[in-house]
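Trainee: Okay, handing you the structure first.
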Amino acid sequence: MRRIRSGVVSVVLVNFKGTDDTLTSIRALAETDWPADLLEIIVVENGSGEEYAAPLRESELAFRLIETGANLGFTGGCNRGVAEATGEYIAFLNNDARPDRSWIRAAVETFERDNNVGAVASKVLDWEGVNIDFTEAAVTWYGMGYKPHAGGADTGEWESERDVLFGTGAAMFIRAGLFDDLGGFDDRYFMFYDDVDLGWRLNLLGWTFRYQPASIAYHKHHASMKGFGEFRETYLLERNALFTLYKNLGDSELDRVLPGALALAVRRAVARGDLDSTELDLRRRGDDRVPGMPVAKVTMAGVFAIDQFVEMLPSLAQTRSQIQSSRRRSDRDLRALFGKVDEPAYPISRYLDGYARILNALEPTAFHNGRRIVVIVDGAVSEREIAIAHTLALDHDVRVVGVDCAHGSGGIVDYFDASSASPEGMAVHEEWAQVCIVPIGLVAVFPSLRASSKAFVLDIAEDARRRLAEQPRGTDDEDLDRLVRDADFVVVQSVEARRWWNGLLLSSGRTTSSMLRGGPQTSRMIALMPPSRRAEPQIPRPIDDPAVVIWDGSAETPGLTAAVQAAIETIGANRVTVDNEVGSARIVDASDQRVVVATEALLRAIESGTPMVAIGSGPLADLVRSERVGIVIAEASALAAAIEAVLFDTAARAEYASNLASLRAGMEGDQGIGGLADFCLRPTRGGRATLAPAAPPTAAAVESALPVPAVPSSPSRRVYRRVVPARVRGRISRWRQSGSGE
């Protein structure tokens, strides 16, 4: 581990066939107002050859020379220089740039004033100090960073500090420890957009990149590309833009913009070479004996860039996983730093026509603005509810409303109070929200929730589920029946609760057997999320084999008890026993008082892989028949023969087992918070209509509720990681206060 000297600034310059420029830059550094004993100048000679390296070796100027022996590019040269640096702060200065007298001091003072500043972007002008090179950062929706005012006159409009997405690598500063944490510049870039990528990653970690207009440098601009063909620069720009987009953009945004970015890269390549992409169409006449055609290198630069993006996908995917799993800020948080994303950049008429076509068809510039989600809490805010709120807040505006409880605040959600004694107070939150996540026991307490037409997510705590499951069904079940009918998504805490809810859906006719057979509809309706990682879902206990579940679809099948007893005597007592608690055969009826229990027993049989004999008719008997998971008989007299067939017909039993496994997979839904997150991205009302994107809330909804005062109670990352499954954590940012828990 390298030694860090407090207060020292290490300036890294990379030289490639530009020795005269490099020496000019070093002389200007010596003339700054920064103390010489706190200044370390490192020159990386990047394999230019002896004629360029010799003058550096012979120079009497104060700097440290590192000779790489090969061209490592801007990224590799900078990283090599930083590896040898000892400063608390690292400065990067292009070798064709020179610093103003106060360039270093203004940047260091910026760091010292604000510990959240991770990097400082200098104001960069042209060599004469007349026109702008860098005063502001922006990135297009297809991944190309740009400097909005480059080439324009310095009119004095950019003299205020502000946060930016990135600074130009021509003149910028960064804390040495942070540069190490970020892994430095990405060496896969070689040069171009490496500074965009570094700044984006820095911002994702929660640091700020501060533009400091008092830290000024003057730049000749791209002197390092003299002598190279334009197509080489084009190749690097096209390839590195895709790298940057893929690594740093969140899941929902990347899914939306990447197809358009790839299509646009192809259109740019074809337009640059002035090619006619219909030339190989069968409707066009041509000499098919000629196998080739002339294609400009500038066209192939775009094609090769995409191919190299494909080639590098395995390593890029690993990097993306690391970046996304450690991010603390969402795309929505950074949206203001992206600037004008709708910027075609290249004035080529055919390209601009394609750009317009892609925008109209795919709408890649319409960044997802999220939805308004209210998470209602009954009692103290738990680990589980914190995980839900903070996960959803990465893509949405989230409020946590605590009912009759004290709670904390912090991170990326807003906290509010509500009282069951004043139910009208909940109305403002219901009006504001597009999606309501509500504990099942609070629906009846608040009229605004009971009458809500918003997308409705029921959060079913285990104690509430037990109370509802244990009470007899009767005439006072209208509220539960309405929830079964109208709930759009359900989050449960146990396998038993999932089984109970699936049973309610199935017996109500809302879920069909085709939906249960591994279809996406079921996983879009229910997710299992235990109260903590300490409460892992339990695997259903299998029933001893051979075994059968008997389900009675009528109120009381005549002669059922006698038929069961006859079946036992026929098959043998050692084969079938009747015991409602632990036995291998179960008898349940479908009377009004026990329909839910009956459904649960059948679903338990599906989970444990136990074939069934169903008597009578109804949705559950239809399931057994249509899914081939057992036998359906019309009356009890056929029971003995049916049981014997289910138990001892080897071929039929194998078919039942296969079908039960498929049915069971469909019933499981999503494990953890991922299913809820997916639902909130594309919420539906009862599976009928997708909600429109978020619209501005009414003035009343905004003004009638103010956040409660903050009470420090922020969760630790240990808690977060314990509650949120590993596969979902790759999509979830750690919120700002989480670091203290490790």
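Trainee: Give the residue, chosen from V164, V120, V139, that is touching a strand residue (DSSP E or B) at 6+ places or on another chain (Cβ under 9 Å), over 30 Å from I358 (Cβ atoms) and among the β-branched types (V, I, T). Break it down stepwise before answering.
Mentor: Working: V164 fails: over 30 Å from I358 (Cβ atoms); V139 fails: over 30 Å from I358 (Cβ atoms).
The match here is V120.
Trainee: Moving on to the next point. Against the condition among the aliphatic types (A, V, I, L, M), surrounded by fewer than 18 Cβ atoms within 10 Å (Cβ to Cβ), modelled with pLDDT under 80 and within 12 Å of F446 (Cα to Cα), how does A406 come out, does it pass?
Mentor: Numbers: among the aliphatic types (A, V, I, L, M): yes; surrounded by fewer than 18 Cβ atoms within 10 Å (Cβ to Cβ): yes; modelled with pLDDT under 80: yes; within 12 Å of F446 (Cα to Cα): no.
For A406, the condition - among the aliphatic types (A, V, I, L, M), surrounded by fewer than 18 Cβ atoms within 10 Å (Cβ to Cβ), modelled with pLDDT under 80 and within 12 Å of F446 (Cα to Cα) - is not met.
Trainee: Residues being touching a Lys or Arg at 6+ places or on another chain (Cβ under 9 Å) and either assigned to a strand (DSSP E or B) or in contact (Cβ under 8 Å) with a residue 40 or more places away in the chain (or both): count how many of those fall in region 39-55.
Mentor: Of the residues in that region, 6 qualify.
Trainee: Now for a different question. Go through region 623-679 and give me each residue that's at pLDDT 75 or above, under 28 Å from V491 (Cα atoms) and of a type in the set (D, E).
Mentor: E627, D678
Trainee: Which condition from (1) farther than 30 Å from P683 by Cα; (2) under 21 Å from the mean Cα position of the chain (by Cα) is the one that Q324 breaks?
Mentor: Just one mismatch for Q324, condition (1).
Trainee: To continue, here is another question. Kindly provide the set of residues from region 110-140 that are charged (D, E, K, R) and part of a loop (DSSP other than H, G, I, E, B), ordered by number.
Mentor: Taking region 110-140 first, the residues charged (D, E, K, R) are 112-114, 123, 126, 128, 133, 136.
Within region 110-140, D114, E128, E136 meet the criteria.
Trainee: Quick one: which residue in I323, I373 is touching a strand residue (DSSP E or B) at 6+ places or on another chain (Cβ under 6 Å), closer than 30 Å to L528 by Cα and not charged (D, E, K, R)? Full working, then the answer.
Mentor: Values: I323 fails: touching a strand residue (DSSP E or B) at 6+ places or on another chain (Cβ under 6 Å).
So the residue among I323, I373 that is touching a strand residue (DSSP E or B) at 6+ places or on another chain (Cβ under 6 Å), closer than 30 Å to L528 by Cα and not charged (D, E, K, R) is I373.
Trainee: For region 56-69, which residues satisfy the criterion of being of a type outside the set (K, R), exposed (fewer than 13 other Cβ atoms within 10 Å of the Cβ) and assigned to a helix (DSSP H, G or I)? Full working, then the answer.
Mentor: As a first pass, look at region 56-69 and keep what is of a type outside the set (K, R): 56, 58-63, 65-69.
With exposed (fewer than 13 other Cβ atoms within 10 Å of the Cβ) added as a condition, the list becomes 58, 60, 62, 69.
Passing the criteria: only E58.
Trainee: From the list R27, R80, which residue is part of a helix (DSSP H, G or I) and either outside the structural domain of L178 (by TED's automatic domain parsing) or farther than 23 Å from R101 by Cα (or both)? Show your work before the answer.
Mentor: Numbers: R27 fails: either outside the structural domain of L178 (by TED's automatic domain parsing) or farther than 23 Å from R101 by Cα (or both).
Just a single option satisfies the conditions, and that option is R80.
Trainee: Here's a follow-up. Determine whether region 508-522 contains at least one residue that is at pLDDT 75 or above and within 31 Å of the chain's Cα centre (by Cα). I'd like the intermediate steps shown before the answer.
Mentor: The initial filter retains those residues of region 508-522 that are at pLDDT 75 or above, namely none.
Scanning region 508-522, I find no residue that is at pLDDT 75 or above and within 31 Å of the chain's Cα centre (by Cα), so the answer is no.
Trainee: Which one of these is within 30 Å of G206 (Cβ to Cβ), touching a Ser or Thr at 6+ places or on another chain (Cβ under 6 Å), buried (at least 17 other Cβ atoms within 10 Å of the Cβ) and not β-branched (V, I, T): R372, R320, R332, R327?
Mentor: On the way: R372 fails: touching a Ser or Thr at 6+ places or on another chain (Cβ under 6 Å); R320 fails: touching a Ser or Thr at 6+ places or on another chain (Cβ under 6 Å); R332 fails: touching a Ser or Thr at 6+ places or on another chain (Cβ under 6 Å).
Of the residues listed, the single one that is within 30 Å of G206 (Cβ to Cβ), touching a Ser or Thr at 6+ places or on another chain (Cβ under 6 Å), buried (at least 17 other Cβ atoms within 10 Å of the Cβ) and not β-branched (V, I, T) is R327.
Trainee: Tally time: how many residues in region 286-340 are within 26 Å of D187 (Cα to Cα) and among the basic types (K, R)?
Mentor: Residues in region 286-340 being within 26 Å of D187 (Cα to Cα) and among the basic types (K, R): 5 in total.
Trainee: Can you name every residue in region 103-118 that is of a type in the set (G, A, S) and under 10 Å from Q212 (Cβ atoms)?
Mentor: Scanning region 103-118 gives A106, A107.
Trainee: Can you tell me which condition L245 does not meet? The list is (1) surrounded by 21 or more Cβ atoms within 10 Å (Cβ to Cβ); (2) in contact with a Ser or Thr (Cβ under 7 Å, 6 or more places away or on another chain), and all the others hold.
Mentor: Against the list (1) surrounded by 21 or more Cβ atoms within 10 Å (Cβ to Cβ); (2) in contact with a Ser or Thr (Cβ under 7 Å, 6 or more places away or on another chain), L245 comes up short only on (2).
Trainee: Please work out which one of (1) within 23 Å of the chain's Cα centre (by Cα); (2) not in a helix (DSSP H, G or I) is the condition Q212 fails and give its number.
Mentor: (1)
Trainee: Limited to region 141-194, what total is found for residues that are assigned to a loop (DSSP other than H, G, I, E, B), in contact (Cβ under 8 Å) with a residue 60 or more places away in the chain and within 19 Å of W103 (Cβ to Cβ)?
Mentor: So the count comes out to 2.
Trainee: Please go through region 248-268 and give me each residue that is buried (at least 21 other Cβ atoms within 10 Å of the Cβ), in contact with a Phe, Trp or Tyr (Cβ under 7 Å, 6 or more places away or on another chain) and under 19 Å from R335 (Cβ atoms), ordered by number.
Mentor: N248, V257, A261
Trainee: Something else now. Among the numbered criteria (1) surrounded by fewer than 24 Cβ atoms within 10 Å (Cβ to Cβ); (2) assigned to a loop (DSSP other than H, G, I, E, B); (3) touching a residue at least 24 places away in the same chain (Cβ under 8 Å), which single criterion is violated by A106?
Mentor: Against the list (1) surrounded by fewer than 24 Cβ atoms within 10 Å (Cβ to Cβ); (2) assigned to a loop (DSSP other than H, G, I, E, B); (3) touching a residue at least 24 places away in the same chain (Cβ under 8 Å), A106 comes up short only on (2).
Trainee: Which of the helices (runs of 4 or more DSSP H) found entirely inside region 230-331 contain at least 2 residues meeting this: among the hydroxyl-bearing types (S, T, Y)? So that I can check it myself, show each step before the final result.
Mentor: Numbers: elements: 230-248, 251-272, 297-311, 313-326.
In region 230-331, the matching helices (runs of 4 or more DSSP H) lie at 230-248, 313-326.
The values are calculated or read from the model by the stated rules, or taken from the named source; none is laboratory data. Everything numeric in this text was worked out from a predicted model, so none of it was measured. As a convention, Cβ positions derive from the backbone with ideal geometry for all residues, glycine included, and neighbour counts pool all protein chains shown.
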